[in-house]
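FYI, it's all coordinate maths here, none of it is from the lab. Quantities reported herein were computed from a predicted structural model and do not represent experimental measurements. In this analysis, Cβ positions are derived from the backbone assuming ideal geometry, glycine residues included, and neighbour counts consider all displayed protein chains.
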Amino acid sequence: MVKINEFAVERWMDDYETGAKHNLAETCCASVSLDDLHTFSGQETDAIDSSRKQTYGAIRGSEALRSNISKLYSSNTSAPLSSKDILVANGAIQANFLAHYTHIGPGDHVICHYPTYQQLYSVPQSLGAEVALWKSSEDKDWQLDLSELKSLIQPNTKLIIINNPQNPTGVVLCREVLQKIVDIARQHDIIVHCDEVYRPLFHSLGNGSESPPSILDFGYEKAISTGSMSKAFSLAGIRLGWIASRSSEIIESCASVRHYTLISVGQLNDSIATRALSDSCVDNLLDRNIRLAQQNLHDLGIFVRDYEGKATWFHPRAGTTAFVKFMRNGTPIDDVAFCQQVLEKKGVLLAPGSRCFGEGNDFKGYVRVGYVPDRQVLVDGLQALRLFMEEDFENLPLAAV
Ligand SMILES: Cc1ncc(COP(=O)(O)O)c(C=O)c1O
């Protein structure tokens, strides 16, 4: 039997998500319906052709879908991608899994950005690799130290895994940092995998700051980007993600492994994603989500400011999540007790940082807030959280040291 650590954040969501009154743990931009999509696209026809026979469809994903996905990577600094550079999967979670299952085995060494989505280091560990966590911390604005990356590299380092924009902190790695990561990887002939599932939700970069490019924009062949319809495109329910790479060797080896695990994604899901990423729809959907993220983040910012001394954070720049630290008299509260009590007493679901993102003693007192649900969910959820802060916060246990 495979030995793999429990996927703590997914377990937490599985245990609590359906019963929550105010779900502020969700990481997707507020989901849309097919009717909404119809409105966003402004097209006369439905996304789904109900007369089409439901065969397996195109094995790697339809040409139209892969072509629309490839356009997400178009930039004026690199050659365009084409449909052949894309492999469709059931969500970014499967795309990540395939990228790792294809490239990692016993005896390999992997370096992984931390904190991040646990899959990105637990799957490589389960495949027999030794994993070094490339740690970031709030006192350095969650930025990565490049000299540390150099010191982590081993002769058998196979993969450097990063997540940009990052879950849970909402930080972004800028062009210069990405360039240096690529330069280091190139020097040592290491594959760079960037989980870009929160791309292109760059809603709060600040005046004059450039949206960071994709990892595929640096002309390095051995780069893999994974992405999906779940977060920026509000369609988690269709379970559709992808692997993108400029390397035909990477795409072909992932495709070979993929034959054993999925054959193809469902045709209906393929059609819906194709419509959502079509020229007539994609910008409308993204505009809606960027605006929603900005409005909701503004409200979360007011909450954090109002509880100064009890709540601190790094102001997220992108994505859908914030990592807020709660303290009493300078000592972190027990974040698991906090999340359990706020759910029980006020119906607000949050994700505890130490349980869901921390290895060892990391991230005590931190709570991940998913702040891009529908506007009213955020407003009501924050109101309920305020009540909890007034009535119950003082009685919470502190984190064990
Ligand atoms: C960084 C990251 N990667 C991948 C995923 C999985 O996304 P999907 O719904 O596309 O499978 C998530 C979901 O939370 C995530 O945060």
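Give, as a single signed number, the net charge of other residues whose beta carbon lies under 12 Å from the beta carbon of THR312, with Lys and Arg counted +1 and Asp and Glu -1. List each step's numbers first, then the result.
Working: positive: ARG305, LYS310, LYS325; negative: GLU138, ASP139, GLU308.
Computed value for this residue: 0.
Grab the Cα-Cα distance for GLN376 and GLN294, subtract it from 0.36 nm times how many residues apart they are, and report the gain in nm with one decimal.
So the extension gain works out to 28.1 nm.
Given a cut-off of under 8 Å on Cα pairs at least six residues apart, what relative contact order in percent is computed for the stretch 93-149?
Relative contact order of the stretch 93-149: 33 percent.
Which of the lysines could a cross-linker span from LYS150 if the Cα-Cα distance has to be under 20 Å and same-chain partners fewer than 8 positions apart are dropped?
LYS135, LYS140, LYS158, LYS180, LYS222
All other residues with a Cβ under 13 Å from the Cβ of VAL265 taken together, and with Lys, Arg as +1 and Asp, Glu as -1, what is their net charge?
+3
Just want to confirm a number: the relative contact order over the chain, from Cα pairs under 8 angstrom separated by 6+ residues, in percent.
After rounding, I find 24 percent.
Would you please calculate the Kirkwood hydrodynamic radius of the stretch 134-195 over all C-alpha pairs and express it in Å, rounded to one decimal?
One over the average 1/r among Cα pairs gives 12.1 Å for the stretch 134-195.
Could you work out how far the C-alpha centroid of the stretch 334-383 sits from that of the stretch 267-297, in angstrom?
Cα centroid to Cα centroid, the span is 26 Å.
Add +1 for every Lys or Arg and -1 for every Asp or Glu among the other residues with Cβ under 13 Å from the Cβ of PRO155, and state the total.
-2
Which of the peptides 78-84, 383-389 is most tightly packed, and how do the rest follow, going by the mean number of other Cβ atoms within 10 Å of each residue?
The packing order, highest mean first, is 383-389, 78-84.
Can you tell me the dipole magnitude for the chain around its Cα centre, using point charges on the Cβ only (Lys, Arg +1; Asp, Glu -1), in Debye to the nearest 20?
460 debye
Return the loop-located GluC sites (Glu not before Pro) in the stretch 178-270 (DSSP other than H, G, I, E, B) with at most 16 other Cβ atoms within 10 Å of their own Cβ; answer none if there are none.
On the way: sites: GLU196, GLU210, GLU221, GLU249, GLU252; in loops: GLU196, GLU210, GLU221.
The qualifying sites are GLU210, GLU221.
Show me 67-75, 149-157, 297-305 ranked by packing, highest mean number of other Cβ atoms within 10 Å first.
So the order, starting with the most tightly packed, is 67-75, 297-305, 149-157.
Given the options VAL336, VAL88, VAL177, which has the most mean-square fluctuation in a GNM of the chain, springs set between C-alpha atoms less than 10 angstrom apart?
VAL177
Which ³J(HN,Hα) values in Hz, rounded to whole numbers, follow from the phi angles of the stretch 198-209 under the Karplus curve 6.51 cos²θ - 1.76 cosθ + 1.60, where θ = phi - 60° and Gly and Pro get x?
Here the 3J(HN,Hα) series is 9, 6, x, 8, 9, 9, 9, 6, x, 4, x, 7 Hz.
How big is the antiparallel share of DSSP beta bridges in the stretch 47-280, given as a percent to the nearest 5?
Values: 9 of 28 bridges.
Taking every DSSP beta bridge within the stretch 47-280, about 30 percent pair in antiparallel fashion.
Kindly identify the stretch 52-112 as rounded, prolate or oblate by the Cα gyration tensor criterion: order the square roots of the eigenvalues as a ≥ b ≥ c, call it rounded if a/c is under 1.5, otherwise compare a/b with b/c, prolate if a/b is larger, else oblate.
Oblate, because a/c is 1.5 or more while a/b does not exceed b/c.
Could you put ASP334, ASP362 in order, starting from the residue whose Cβ has the fewest other Cβ atoms within 10 Å?
Arranged by neighbour count, lowest to highest, ASP334, ASP362 become ASP362, ASP334.
Under 12 Å from the 7 Å Cα→Cβ point of ASN5, by amide nitrogen: which residues of the stretch 165-195?
none
What is the fewest-to-most order of TYR260, TYR101 by other Cβ atoms lying within 10 Å of their Cβ?
Working: TYR260 9, TYR101 19.
Least to most surrounded, the residues fall as TYR260, TYR101.
Out of all DSSP beta bridges with both ends in the chain, state the antiparallel percent to the nearest 5.
Antiparallel bridges: around 50 percent, rounded to the nearest 5.
Got a sec? Charge dipole of the stretch 47-280, +1 on Cβ for Lys and Arg, -1 for Asp and Glu; which of ILE69, ILE104, PRO80 is way out at the positive end?
It is ILE69.
Can you put CYS194, CYS28 in order of Cβ neighbours within 10 angstrom, beginning with the fewest? Let's see the in-between values first.
On the way: CYS194 25, CYS28 22.
Lowest count first: CYS28, CYS194.
Quick check: the distance between the Cα centres of the stretch 1-47 and the stretch 145-204, to the nearest angstrom?
After rounding, the separation between the Cα centres reads 26 Å.
When you count, for each residue, the other Cβ atoms within 10 Å and take the mean per peptide, how do 33-46, 132-145 rank with the highest first?
132-145, 33-46
Calculate the dipole size of the stretch 186-343 relative to its Cα centre from +1 charges on Lys and Arg beta carbons and -1 charges on Asp and Glu beta carbons; express the result in debye to the nearest 20.
Numbers: 15 positive and 17 negative charges, 61 e Å.
Computed charge dipole of the stretch 186-343: roughly 300 debye.
From the phi angles alone, apply the Karplus equation (6.51, -1.76, 1.60; θ = phi - 60°) to the stretch 29-36 and give each ³J(HN,Hα) in whole Hz, x where the residue is Gly or Pro.
5, 2, 5, 10, 9, 5, 5, 4
Report the Stokes-Einstein translational diffusion coefficient (µm² s⁻¹, integer) for the chain, Rh taken as the Kirkwood radius over Cα pairs, at 37 °C with viscosity 0.692 mPa s.
151 µm²/s
By the gyration tensor of its Cα atoms, with a ≥ b ≥ c the square roots of the eigenvalues, what is the shape of the stretch 158-262: rounded for a/c under 1.5, prolate for a/b over b/c, or oblate?
Since a/c reaches 1.5 but b/c is at least a/b, the shape of the stretch 158-262 is classed as oblate.
Decide, for the stretch 212-307, between rounded, prolate and oblate: order the square roots of the alpha carbon gyration tensor eigenvalues as a ≥ b ≥ c, take rounded if a/c falls under 1.5, and otherwise choose prolate if a/b is larger than b/c, else oblate.
prolate
Projected onto the charge dipole of the chain (+1 at Lys/Arg Cβ, -1 at Asp/Glu Cβ, origin at the Cα centre), which of PHE233, CYS254, ASN296 gives the Cα projection farthest towards the positive end?
Farthest towards the positive end: CYS254.
Work out Dmax and Rg for the stretch 47-280 from the C-alpha atoms and quote the Rg first, both in angstrom.
17.3, 58
Please work out the C-alpha center-to-center distance from the stretch 76-108 to the stretch 208-229 and express it in whole Å.
Between the Cα centre of the stretch 76-108 and that of the stretch 208-229, the gap is 12 Å.
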